[in-house]
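Visitor: Below you will find the structure I want to go over with you.
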Amino acid sequence: MTTASTATGGADGPVPPPRASTPHDTATEPGVDSPLGAGTDAIVWPAGVPVAAPAEPVVADDGPVRVRWDPAERRARASQSFWTALVGVPAIFSVLRLGVEAGGELQTTLLLVANVGPVNLLAGFLTTAARLLSTGLVAVFALGAVLAVSVDRLPLGTRRRPLFARWADITPAWVVLASFLLALLTWPLLYLPLLLPAFVAAFQLRPARLHEQVVPRLLMIVALLAGYGWLLLPTLRDTAKQGDLLVLALLAAPPLLALFVAGPLPGVVIRPLASVTEVAMLATLAWAAVPVISTPVLPLTVTTVGAENGPAEEVRGHVITTDDVNMVILQEQGGVRYVPVELVRAQVLCPSEEELPRRQLRIHDFHVEDSLLEGMGRRVRPVHRIDAACRNPG
């Protein structure tokens with residue numbers, strides 16, 4: 001061991017200076033002994049003592065003093081900014097939702113902010129944004145995987161990878177699977193068949209991977225399509241009777257599309273497709289984000305108001321708060337109304353217009369416009385009969 005040391009260790013010998021937690025061999029990186037590279041007068045590590053060097057050390061000139069930036073500190077700052085954005089974006093969306101629900105009136109917005117708890121905002125944001133988030137991720141991963149395997153067909157000198165392809169390359173497989181699982185739970189059953197071609201595209205599952213020989217491969221494909229048809233046969237029959245061509249296409253076309261959706265694509269369409277899909281994705285997400293901002297965070301109720309022996313009035317709106325004196329209601333047609341508690345006769349909970357079914361189709365006791373989560377919830381707690389007061393918005 002060398003006689004140079006940085007501290008006196010008494011009987012135990014020289015003590016090396018403090019070091020980071022990731023060791024490496026000093027024999028291969030002798031220059032790490034001096035963080036500033038200060039020549040022969042620099043501190044020398046004892047032989048055989050593991051030290052750690054930053055992955056990408058950065059030395060910057062700051063006047064007469066040279067400053068060494070610690071990569072660990074930079075990673076910590078990046079992590080802080082990431083979590084700040086992760087918390088800040090939902091908060092901004094939530095405040096925007098309160099502003100929209102208040103009708104753009106400042107005082108009403110402040111009243112909602114003062115009385116709507118963060119749990120209500122978070123629950124409303126997750127229930128409406130989970131579907132939007134999963135849709136964006138599934139589309140990006142599916143398109144990115146197809147574009148990634150098609151880049152080699154571009155002309156030489158123009159093989160810059162599209163944005164979605166780069167995102168698909170750096171995303172771990174478990175994140176892709178998690179996005180598909182989130183979509184499976186939150187998408188309406190009517191759109192779940194679209195996950196088949198999207199999954200095939202994201203993981204490039206070509207028919208040739210089923211079997212090496214053609215005949216067994218064709219038999220497996222026919223068996224899979226037959227099983228899918230048997231599962232949806234009652235729903236397809238009802239759809240054909242009702243003449244709903246859109247639903248029929250959404251249920252029948254995706255399995256056939258899954259056979260041909262895997263790449264690579266012709267080189268002439270890669271660049272236009274990449275540009276068009278990026279713009280279309282941004283526009284679609286912006287359009288789909290409108291329900292996230294406009295969905296109410298308070299339950300819709302109809303409150304019957306009036307003296308005990310006098311005429312009654314039904315106030316339709318969202319209850320903001322209730323105290324010993326008044327019940328504060330944000331009316332559906334705008335404005336805040338303070339109703340004395342002693343005048344409240346009854347109150348019923350009403351579904352919003354978006355929750356009312358538009359199609360009379362089911363897939364094995366699940367309504368086609370419900371997600372798997374909603375369908376399982378309705379089995380546990382069936383929907384009660386809608387009150388007559390909810391059917392009369394006036």
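Readers should treat all values here as calculations from the given coordinates under stated rules, not as data from a laboratory. If you're wondering where the values come from, they're calculated on a predicted model, not measured in any experiment. No Cβ is skipped: glycine too gets one built from the backbone with ideal geometry, and neighbour counts run over all protein chains shown.
Visitor: Given a cut-off of under 8 Å on Cα pairs at least six residues apart, what relative contact order in percent is computed for region 301-341?
Guide: On the way: 68 pairs, mean separation 11.5, N = 41.
Relative contact order here is 28 percent.
Visitor: Further, regarding this structure: Nearest 0.05, what FRET efficiency do Asp324 and Leu349 give at R0 = 30 Å with Cβ-Cβ as r?
Guide: For R0 = 30 Å, the calculated efficiency reads 0.85.
Visitor: Which one, Val305, Gln333, Ala288, projects farthest toward the positive side of the charge dipole computed for region 275-333 from Cβ point charges (K/R +1, D/E -1)?
Guide: Most positive-ward Cα: Ala288.
Visitor: Sort out for me the Cα centre separation of region 294-318 from region 121-145, rounded to whole Å.
Guide: 34
Visitor: Next question, about the same structure. Counting Lys and Arg as +1 and Asp and Glu as -1, each charge on the Cβ, what is the dipole of region 327-390 about the Cα centre in debye, to the nearest 20? Don't jump to the answer; show the numbers that get you there.
Guide: On the way: 9 positive and 10 negative charges, 43 e Å.
Roughly 200 debye, rounded to the nearest 20.
Visitor: List the relative contact order of region 137-270 as a percent without decimals, with contacts defined as Cα pairs under 8 Å and 6+ residues apart.
Guide: Reported relative contact order: 39 percent.
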